[in-house]
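The values are calculated or read from the model by the stated rules, or taken from the named source; none is laboratory data. Note that the structure is predicted; figures quoted are calculated from it, not measured. Cβ placement follows ideal geometry from the backbone for every residue including glycine, while neighbour counts extend to all protein chains displayed.
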Amino acid sequence: MKPTLFVLAAGMGSRYGGLKQLDSLGPNGETIMDYSIYDAIHSGFGKVVFVIRKDFEQDFRDKILSKYEGHIPVEVVFQSTDALPEGFTCPADRSKPWGTNHAVLMGKDVIKEPFAVINADDFYGRDAFRVIAEELQRPRDKKGDYCMVGFRVGNTMTENGSVARGVCETKDGLLTSVVERTAISYDKDHNIVFTDENGVEQTLQPNTPVSMNLWGFTPDYFDYSEREFKKFLEKDINTPKAEFFIPLCIDTLINSGEATVKVLDTESKWFGVTYAADRPGVVAKFAELHRDGTYPEKLF
């Protein structure tokens, strides 16, 4: 069974200042998503599901989905703050989305096969898609048999500000913990640093594995996620900025023994438009990838 690619595209790029999922960055107007879809098709994925917000559906269908017709089947699901389990009501003052794992839950009714989750606005590279596609097609005989692509943090930085990354620890090739660090940056000596929950600055080695939200799941993950989301809401539904991140759910499942997550290594170098100042460099990188033959003149 070919795996499905699940693209998280519901968020507005608040730091970037616009709907960066629809921004043309390639030499022929390609979006970052176009490269991900192209790489996924050539790595063996059989379907793409996008999670978006209802309010930009038409723009998304016109500018994005139309170009994939005839290349790969696509579906759209929607994330909204009031899409909550029975018994829960969204607070009236809640404007922030509920987070990446809530977005994943929106795919429960349309994804029935192994699937990979990616961000719409991150470039992952062909090798990353290849290794996760191969792993997702491996036979499984139990629930909770998941995977992720572990990028080296030094290959995922921007010079233009801080980034959020799931910092990982592993043992025997399996993930033992992942902690979401929301402000990783370079210091004045170009060391990679973040401030921990105690206010202490910590340094990360460049080869430290981090999650770039390239996860591999089987459909049983939806049931686990729904259970954990209810626990999250019971505790934090009235906390305006609390979010239900994928690493939060994964860490819980690993600690309970309900899941194992195989960490897949890649030397792929991430890049993306986290800040407006990142844009010129990304445009130049895509142009070079077309010139050197990594991508054809026209993707779709």
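Looking at region 229-252, which of the residues that are hydrophobic (A, V, I, L, M, F, W, C) and assigned to a helix (DSSP H, G or I) is surrounded by the most Cβ atoms within 10 Å (Cβ to Cβ)?
Our first condition is that a residue be hydrophobic (A, V, I, L, M, F, W, C); within region 229-252, this holds for 229, 232-233, 237, 242, 244-246, 248-250.
Now narrow it down to the ones that are assigned to a helix (DSSP H, G or I): 229, 232-233, 246, 248-250.
On the way: F229: 22, F232: 23, L233: 20, I246: 25, L248: 19, C249: 25, I250: 27.
Result: I250.
For S211, state whether it is touching a Lys or Arg at 6+ places or on another chain (Cβ under 9 Å), among the hydroxyl-bearing types (S, T, Y) and in a strand (DSSP E or B).
On the way: touching a Lys or Arg at 6+ places or on another chain (Cβ under 9 Å): yes; among the hydroxyl-bearing types (S, T, Y): yes; in a strand (DSSP E or B): yes.
Considered against the rule, which asks whether it is touching a Lys or Arg at 6+ places or on another chain (Cβ under 9 Å), among the hydroxyl-bearing types (S, T, Y) and in a strand (DSSP E or B), S211 comes out as yes.
Scan region 287-299 residue by residue and report those that are closer than 30 Å to F217 by Cβ and buried (at least 16 other Cβ atoms within 10 Å of the Cβ). Working first, answer last.
So in region 287-299, the residues closer than 30 Å to F217 by Cβ come out as 289, 294-295, 299.
The answer is L289, Y295, L299.
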Next on the checklist: Restricting to region 110-149, name every residue that is modelled with pLDDT of 95 or more and in contact with an Asp or Glu (Cβ under 7 Å, 6 or more places away or on another chain).
Outcome noted: V110, F129, K143, G144, C147
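Only one of R181, R126, R165 is free of Cβ contacts under 8 Å to residues at least 60 places away in the same chain, in contact with a helix residue (DSSP H, G or I) (Cβ under 8 Å, 6 or more places away or on another chain) and not acidic (D, E); which?
Details: R181 fails: in contact with a helix residue (DSSP H, G or I) (Cβ under 8 Å, 6 or more places away or on another chain); R126 fails: free of Cβ contacts under 8 Å to residues at least 60 places away in the same chain.
That would be R165, the only listed residue that is free of Cβ contacts under 8 Å to residues at least 60 places away in the same chain, in contact with a helix residue (DSSP H, G or I) (Cβ under 8 Å, 6 or more places away or on another chain) and not acidic (D, E).
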Next on the checklist: Among the listed residues E86, E113, E75, identify the single one that is assigned to a loop (DSSP other than H, G, I, E, B) and in contact with a Lys or Arg (Cβ under 9 Å, 6 or more places away or on another chain).
Outcome noted: E113
Item to check | Single residue of A276, A259, A284 found to be surrounded by fewer than 17 Cβ atoms within 10 Å (Cβ to Cβ) and in contact (Cβ under 8 Å) with a residue 12 or more places away in the chain | outcome: A276
Checklist outcome for this item: Filtering region 62-72 for residues that are within 16 Å of L8 (Cβ to Cβ), in contact with a strand residue (DSSP E or B) (Cβ under 6 Å, 6 or more places away or on another chain) and either at pLDDT below 85 or assigned to a loop (DSSP other than H, G, I, E, B) (or both) leaves a count of 0
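Could you identify the single residue in I250, I246 that is under 24 Å from V117 (Cβ atoms) and out of contact with any helix residue (DSSP H, G or I) (no Cβ under 8 Å at 6 or more places or on another chain)? Before the answer, list the steps.
Numbers: I246 fails: out of contact with any helix residue (DSSP H, G or I) (no Cβ under 8 Å at 6 or more places or on another chain).
Testing whether each residue is under 24 Å from V117 (Cβ atoms) and out of contact with any helix residue (DSSP H, G or I) (no Cβ under 8 Å at 6 or more places or on another chain) leaves just I250.
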Item to check | Unmet requirement for H190, which otherwise passes all of (1) assigned to a helix (DSSP H, G or I); (2) farther than 30 Å from K112 by Cβ; (3) not hydroxyl-bearing (S, T, Y) | outcome: (1)
Checklist entry - What number of residues within region 116-154 satisfy the criterion of being assigned to a loop (DSSP other than H, G, I, E, B) and closer than 15 Å to W270 by Cβ? => result 4
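To keep it simple, each residue is scored yes or no on (1) crowded, with 17+ Cβ neighbours inside 10 Å; (2) in a helix (DSSP H, G or I); (3) among the charged types (D, E, K, R); (4) in contact with a Lys or Arg (Cβ under 8 Å, 6 or more places away or on another chain).
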{"residue": "S24", "(1), (2), (3), (4)": "no, no, no, no"}
{"residue": "E30", "(1), (2), (3), (4)": "yes, no, yes, no"}
{"residue": "Y35", "(1), (2), (3), (4)": "yes, yes, no, no"}
{"residue": "S43", "(1), (2), (3), (4)": "yes, no, no, yes"}
{"residue": "V51", "(1), (2), (3), (4)": "yes, no, no, no"}
{"residue": "F60", "(1), (2), (3), (4)": "yes, yes, no, no"}
